[in-house]
1. Restricting attention to the stretch 75-97, does a residue exist that is away from the ligand (no atom under 16 Å from the Cβ) and closer than 20 Å to ILE36 by Cα?
2. Take the conditions at pLDDT 85 or above, within 15 Å of the ligand (Cβ to nearest atom) and within 16 Å of the chain's Cα centre (by Cα) and apply them to THR207. Does it pass?
3. Being surrounded by fewer than 20 Cβ atoms within 10 Å (Cβ to Cβ) and under 18 Å from LEU71 (Cα atoms) is the requirement here; does LYS18 meet it?
4. Within the stretch 183-203, does at least one residue satisfy the condition of being among the polar types (S, T, N, Q) and exposed (fewer than 13 other Cβ atoms within 10 Å of the Cβ)?
5. Taking THR95 as meeting all but one of (1) surrounded by 19 or more Cβ atoms within 10 Å (Cβ to Cβ); (2) touching a Pro at 6+ places or on another chain (Cβ under 8 Å), write down the number of the exception.
6. Would you mind finding the one in GLN139, GLN161, GLN128, GLN116 that is within 19 Å of SER24 (Cα to Cα), among the polar types (S, T, N, Q), more than 12 Å from the ligand (Cβ to nearest atom) and more than 18 Å from the chain's Cα centre (by Cα)?
7. Of all residues in the stretch 109-165, which are β-branched (Val, Ile, Thr) and either free of Cβ contacts under 8 Å to residues at least 60 places away in the same chain or part of a strand (DSSP E or B) (or both)?
8. Where in the stretch 1-94 are there helices (runs of 4 or more DSSP H), lying wholly inside it, with at least 1 residues that are among the acidic types (Asp, Glu)?
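The values are calculated or read from the model by the stated rules, or taken from the named source; none is laboratory data. Every value quoted in this text rests on a predicted model; they were computed, and no experiment measured them. Here the Cβ positions follow ideal geometry from the backbone for every residue, glycine too, while neighbour counts run over all protein chains shown.
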Amino acid sequence: MTFEGIKEQFEKYASEGKKMFTTSSFQSHSIVLLHIISRINKDIQVVFINTGYHFPETVEFKDRVSQEFGLEVIDLRSNTPKFMQRGTDGRLLFTSDPDHCCYLNKTQPVDALLMQNDIWINGVRADQSAVRKAMKMEQPAPHGTIRFHPMLDWNAKMIYQYQKEYNLPKHPLENSGYLSIGCEPCTRKVDPEMMEREARWYGMSKTECGLHTDLVK
Ligand code: SF4
């Protein structure tokens, strides 16, 4: 969707009295949407799903970007303390049950947030995975909400061109070989022959955290 199209859609939602929020993982490519939002409506709530397992560089980048773009970002955390997030072997859940770890730290907190909102602006792109390719620009989500996917038809080249045009900052780990950056225990560097998102949950059958599979209707 073009900048003008996104602007029109935000204005339509606002005129209908819809409450909007967006989530961001604060990677280089995901801040394109944040920059677009900052050019249109700085009052849209920006949420960082703080699992407690992010690279310190991501948290620093989030603070830098929110200041540069003039956006207020809130941290969304799990209600389940980490001492209750352990498997039967006593180790933290990401080692034995990453699906449940993602559920407690990402899906459940966002599900609760959906109850207080109408529109979830989400930066998924069709070229990122098979799950995302099957998504629609507007899609029903739990609790009567709508997911709005304004970046769905953007590709890596368009993202790169936008980053260049607006001279957007880069996630500090990008120069060290990381491209798709999530929680530290579940992210590795990308090898030349790998697809970008293969760097997440490497060696497991898991490809999505649940936000884009459980919180969709
Ligand atoms: S990405 Fe890994 S550490 Fe982060 S919530 Fe999911 S399983 Fe846990």
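1. No - not one qualifying residue is present in the stretch 75-97.
2. Judged against the criteria, THR207 is not a match.
3. Numbers: surrounded by fewer than 20 Cβ atoms within 10 Å (Cβ to Cβ): yes; under 18 Å from LEU71 (Cα atoms): no.
When the stated conditions are applied, LYS18 does not pass them.
4. Applying the first criterion (among the polar types (S, T, N, Q)) to the stretch 183-203 yields 187.
Pick out the ones that are also exposed (fewer than 13 other Cβ atoms within 10 Å of the Cβ) and you get none.
No: the stretch 183-203 contains no residue that is among the polar types (S, T, N, Q) and exposed (fewer than 13 other Cβ atoms within 10 Å of the Cβ).
5. (1)
6. Criteria check complete, one pass: GLN116.
7. Answer for the stretch 109-165, where residues must be β-branched (Val, Ile, Thr) and either free of Cβ contacts under 8 Å to residues at least 60 places away in the same chain or part of a strand (DSSP E or B) (or both): ILE119, ILE121, THR145, ILE146.
8. Filter on the stretch 1-94 gives 3-15, 56-69.
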